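Contents: one structure, followed by commentary.
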Amino acid sequence: MKSLLVKSAIEQKPIEIIYESKTGTITQRCITIKKLNQKKLLAYCHTKKQYRSFNIEQILAAQPIKKIYTTSA
């Protein structure tokens, strides 16, 4: 999964993630990664239409998506 995150960040292609929040809520998000380090990533969340940070440990699954999104921010 880490290699997909890195590739997505480099190519600026959106991916779909399944994310578990600190409270245990599981959501499906479409994101474009802007910054990435060992523990966190900053991404534009197309689902919420704003920038969000995500803990990598809390990403349950990630996959490329085919739908094209544009970043309005």
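The values are calculated or read from the model by the stated rules, or taken from the named source; none is laboratory data. Since the structure is predicted, the reported quantities are computational estimates derived from the model, not experimental observations. Counting neighbours? That spans all protein chains shown, and the Cβs are built from the backbone with ideal geometry, glycine included. Areas reflect the complete protein model, heavy atoms only, side chains present, ligands, DNA and RNA absent. Shrake-Rupley method; radii C 1.70, N 1.55, O 1.52, S 1.80 Å.
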Are any residues in region 3-37 aliphatic (A, V, I, L, M), open to solvent by 20 Å² or more (accessible area, probe 1.4 Å) and not in a strand (DSSP E or B), and if so, which ones?
-> 4, 6, 9, 10
Filter result for residue 57 (among the acidic types (Asp, Glu), at pLDDT 95 or above and open to solvent by 70 Å² or more (accessible area, probe 1.4 Å)) = yes
Starting from region 1-22, take each residue that is closer than 18 Å to residue 44 by Cβ and list its partners that are of a type in the set (Gly, Ala, Ser) and modelled with pLDDT under 95, counting only C-beta distances under 6 angstrom and pairs at least six apart or across chains.
-> 15/8
